[in-house]
Structures are given as C-alpha cells and as structure tokens.
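Written below as structure tokens is the structure these notes are about.
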Ligand code: DP6
C-alpha cells in the first residue's frame, strides 16, 4: 500500500531581505524579513510525498534527477515531521503507522533552479507541506514554517500567502523565529510583479556561504542588521497596510541596494548583479523619473534576476517600458525574460 499527498508551493520575493545567520545549525537569522508571495504565478515547486513499506529507503528527486537527502537541514525537516506524525499515532492508535515508513519525495520546479529565483524557498516549503499533508498533521502554516526554516530560511515565508513576515525571534531554540501574515494577497490585489531573467545560470556564491562570509567580514552588515532592517520592517508593514506604493517601492529599492552593497562590502566581495541587472536598475530609474514618482520598484535576491513590482494601473508604463528598453540592452536574451502579470505568468518578453 502506498500513501500519497501532492502540493505546490510558490516562490516568495523578499522586499526586506534575510541575509545573515545567528545560528547556522538551527538556521536562525540575524534580522527579520518580509516578502511577497507570488501565489498565482507559475513559479512554483510541485511536490508529491509518498510512503510505503515497499520502499527501501528515503528518496528525493528534483526534475527527475536523484538528490541527496543527507544534508543536516533536510534531515532536520524529515525528523521533525516524522516525530509530529509519531506523536499523532501515539495519541490515536487507529491511525496507520506511517512515521516509520520510508518516504519518496518527487519534486518539479518550473523555473531555473538556484539562479536566485528563490528555488530553495519554494522547494523546502513544498517538501514540508507535502509531508505534513501525507501525515495529516494539524499544525498551522506558521508552526510548520518553523520546520521549513530549518531547510532553508526563506522557505518559512512560502508556507503562507500574501505579504509575509519572518520574525527574527529571540529564543535560543528558535521557537519564535517563524513566519506570520502581514496581510493577505487580497489586501493589495492591484500589486503586480514582472521577473526579468538576466541569467538562468546557477548562482556563483550560495546564499548560505555568502551570508556567512558577510557576517564575518562586513562592517556595513552590522549597521544593516542592528539599525536599518529593524526600522525598515515597521515602515514596510505600514506601507503595505496603507497600500502606499511610493513608500513600498522606494523602500524596496533601498533595501535591495543596501543588501547588495553589503555583499560588495564582504571579503572577498560577492557580486550578484551583472550588466543586465544594472540595465534594469537604470530602466526603472528612467521610468520613475518620467512618471515623476515611484511607479516601478526593482529588487534582486542572491542573483542577477530583477523582480519589478508595480500596480495594475501602471502596467503599460512599467511592464511595457521594460519590454521596449530591455529589447535594446546588449546581452539581454529576450527568450529568458519572464513577465509575471497579475501574479500569473504572462510569457517571455
Ligand atoms: C537574498 O533562504 O536561500 O533571497 O537559509 O541559507 O537556505 P538559507 O538561505 P536562503 O537565503 C535567501 C536570501 C535572499 C533574501 C531573502 O529571501 O530574504
């Protein structure tokens, strides 16, 4: 007999960035962060989890290629999910004993893996959600986010929809370092995002390695974690509450630039942006200057791809302008640009 559950988890793109760990084992951050879940886009990981006594060992495949399950992070996720199921079975003896059975996890990404498009976020969120569904766990998305966080920090935010915060927390065991809802997606339904894929290549420095180097070597990072980010969390939540795009957009760009400045301040310097990324920044600056206000807000994670936020009424002057401007940018491969309209994939630009 095979027990099975399938789910999908969306990508989330941070507007206040997570960068830095205070505890690498528990994967606890040095600062809070906040993201927008691209819930209706096709940028998702689809995962099926099954368990059966006919399986010999735990297995994971991603886009049909076998993956190792031996990393301490993946092991932590599986261990915690199994122990929640075991507790459920102990308290309800009529339930089938699934917790000791080997797991088979089959995942598909429909976007470039590890290219700075938050693939680990959707990946671990889908893994945790699929196994939690397989095990019929009653835990809330916020408490499951504690488990996903141990797989990949940003994954904790992909268990919730809409505008999601991740509280830095103070407990040494990490029990308060979890995701919370800032606002549901419907609160600001006019918000849109386009994703400009400047490169689908794997990123040069992994987030984990990069942020550890930053914490160890960047003086700018200390100011960022201690002063800038705590103030920005409050300002960003307020901008979202008021649906104030100018405040939201200005802060999103400032945050992204401070994060990448911190990367440059790391020894050896980490350079995630490329010429195409910089062309996207200049394009946004031009669009905002022409509009006389902030209508386009770019942000970059640990890679060269731009995510540009705007509101529906500005679709033509933002998304339309980007398509025209980037068509003339050297090195830009139009086939790799993805436009996400209305948080649903529109197609290549
Ligand atoms: C720049 O969540 O990939 O995207 O916890 O080491 O797996 P690990 O890091 P990860 O880092 C994401 C960093 C970021 C900013 C963000 O998503 O907040």
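The values are calculated or read from the model by the stated rules, or taken from the named source; none is laboratory data. Everything quoted here is computed from the prediction, not taken from an experiment. Reconstructed Cβ throughout: ideal geometry from the backbone, glycine too, with neighbour counts over all protein chains shown.
The rows are residues; the columns are (1) more than 16 Å from the ligand (Cβ to nearest atom); (2) crowded, with 19+ Cβ neighbours inside 10 Å; (3) more than 20 Å from the chain's Cα centre (by Cα); (4) within 24 Å of residue 20 (Cβ to Cβ).
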{"residue": "81", "(1), (2), (3), (4)": "yes, yes, yes, no"}
{"residue": "87", "(1), (2), (3), (4)": "yes, no, yes, no"}
{"residue": "130", "(1), (2), (3), (4)": "yes, yes, no, no"}
{"residue": "134", "(1), (2), (3), (4)": "yes, yes, yes, no"}
{"residue": "139", "(1), (2), (3), (4)": "yes, no, yes, no"}
{"residue": "147", "(1), (2), (3), (4)": "no, yes, no, yes"}
{"residue": "152", "(1), (2), (3), (4)": "no, yes, no, yes"}
{"residue": "159", "(1), (2), (3), (4)": "no, yes, no, yes"}
{"residue": "175", "(1), (2), (3), (4)": "yes, no, yes, yes"}
>> Quick test of your reading of the structure: residue 31 fulfils all but one of (1) at pLDDT 95 or above; (2) away from the ligand (no atom under 15 Å from the Cβ); (3) closer than 26 Å to residue 260 by Cα. Name the failing condition by number.
In response: (2)
> For the subset of the range 102-119 comprising residues that are buried (at least 21 other Cβ atoms within 10 Å of the Cβ) and modelled with pLDDT of 85 or more, which member is nearest to the ligand (Cβ to nearest atom)?
Replying inline: 107
> Which residues, counting only those in the range 259-278, are surrounded by 21 or more Cβ atoms within 10 Å (Cβ to Cβ) and farther than 19 Å from residue 19 by Cβ?
Replying inline: 276
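Might you check whether a residue that is within 14 Å of the ligand (Cβ to nearest atom), free of Cβ contacts under 8 Å to residues at least 60 places away in the same chain and within 14 Å of residue 307 (Cα to Cα) occurs anywhere in the range 276-291? Quick ask: steps written out before the conclusion?
From the range 276-291, those within 14 Å of the ligand (Cβ to nearest atom) are 277; that's our starting set.
Next, from what is left, pick out any that are free of Cβ contacts under 8 Å to residues at least 60 places away in the same chain: none.
No: zero hits.
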>> Here is a check on your reading of the model: is residue 48 at pLDDT 95 or above, away from the ligand (no atom under 15 Å from the Cβ) and touching a strand residue (DSSP E or B) at 6+ places or on another chain (Cβ under 7 Å)?
In response: yes
> Which residues, counting only those in the range 41-59, are touching a helix residue (DSSP H, G or I) at 6+ places or on another chain (Cβ under 9 Å) and farther than 15 Å from residue 134 by Cα?
Replying inline: 43, 44, 45
